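Where a number appears in this text, it was derived from the coordinates with a stated rule and is not lab data. Note that the structure is a prediction, hence the values are computed from the model and not measured. Glycine also receives a Cβ, built like all others from the backbone with ideal geometry; neighbour counts cover every protein chain displayed.
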Amino acid sequence: MRILVVSEPFYPDIYAVNDLVQKLSDRGHEVTVLTGLPDYATGLTPEEYRHGQNRDQHVCGAHIRRVFTVARHKGPIWRSLDYMSFVINGNHAARHWDWDEFDVIYVWEVSPVTQFFPALALGKRFHKPVYVYCMDIWPECVKAMGFKEGSIFYRIIHAISKKAYRKADHIAISSKPFREYLTKVDGVDNDKITYLPQYGPQWLLEEDYSSESDRNAGDSTDCDSTNSRKNFLFIGNIGKATKLDVFIRSVKTLVDRATDNGNSKYRDKISVTIAGNGTEADYCKNLVSELALDDVIEFVGSVPMKETGNLYRKADCCVFTLDGSNRIGDTLPGKVQTYMAAGKPIIASCNGAGRDVVNESGAGIAVEYGDYEAMADAMASFIDDPEKFSDCGDKARKYFRENFLEEIHLSQLERELEDLIEDFDLKIR
């Protein structure tokens, strides 16, 4: 097939869409990408992409066409300008640029929903179907930004979201609870929705990522695994919906638990590694300092997926948190698949699909969103009774192989794209 991918974020920024495009190309499809300028790592556009440079590239096996976007910097105003610039310049490109021939338009839909509009303009101009892979649901996502339901801004975004979703020809959802939201809140026809879970990095299955404490267990000349620090690892975006502060406060709750003589019972038994970046990174770093956890929690910044192996080898357990105060909690974060592929036990604070998958797979413990005490209890249990979690990694990998292999995802995606192209051609004849 000839596939035109629309995604505001793309290489060299670290996103799963980069791998998807490469995989589609490797499977023999001709891929073109409409995207913006990279700015994820620092909030600024890299020098090599300024002043009209590298607007037309060939990377990830695809032809990349970039439109100008305002760098996101920090704060909601800059972020809004970033989003709007992609809509305006993407629409202009869709209506006026010459494009490689394509059969279908694929939208990689993380926030914002407004990136639909260049895809819809392309579909209208060239009479091609629009396939949306939905990983964030709107207008629900704006609640994480502090906008209340019923506000003028929320109502405007709701109207925009309904229009975008309804005009899509097919929507594949990455999380099962999205179906109810899209049909009831956005009025999407249920018949054009399918469930397609994200695939994880399959290469992680090929290696043993046993932690340092696992490897040292039973070695009397080295550290005793029951007394050495257990390392808890978080990898991923640090945004408002991520609610990483919940985990940080859980760590504080844990280390404040005292022994009979008043000393911290767990401070010397826990270390935390946080790999990633995002709009809330500075807030989380300041919170760690404010709570006097600098000796426990380390931030290592963004790490390319292919370089995360050493982080997993160091880690005893992986963690994630997700906002559960609204329907954003229905999301299944992509990091869950990655943790499972690495064969790591998981402790989470979330509701919705994330909680369902962790509990259903037996990969670990998922507690109610925002429950600091319960998350601290789960970490304490992992430290005090690691045997209880001894088979969680194996169960995680088993669940991954049954649900999140790239071949499962890509084969279903190809079938759905082929069917959509055929049905659309019949409809417009």
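A few comments on the model shown:
- Signed unit charges on C-beta, dipole axis of region 123-215, positive-most listed residue 182, 195, 172: 182
- Think of it as helices only: each DSSP H run of n ≥ 4 in the chain is worth -39500 (n - 2.57), and spread over all residues that comes to -12000 deg cm²/dmol at 222 nm.
- Gaussian network model of the chain, Cα within-10 Å springs - most flexible of 259, 321, 69: 259
- A simple spin-label model places the labels of residue 98 and residue 163 3.2 nm from each other, with each point 7 Å out along Cα-to-Cβ.
- Share of pairwise Cα separations in the chain, more than 34 Å, in percent: 32
- For the chain, with +1 on Lys and Arg beta carbons and -1 on Asp and Glu, the positive-most of 147, 38, 110 along the dipole: 147
- Cα centre as origin, Lys/Arg/Asp/Glu Cβ charges: the chain dipole, Debye: 1540
- Equivalent ellipsoid semi-axes, region 202-403, via Cα gyration tensor eigenvalues times 5, rooted, Å: 23, 22, 16
- Fully extending the segment from residue 205 to residue 84, taken as 0.36 nm per residue of separation minus the present Cα-Cα distance, adds 39.6 nm.
- Above-threshold pairs, the threshold being 29 Å between Cα atoms, out of 285/388; 184/344; 143/176; 176/285: 285/388; 184/344; 176/285
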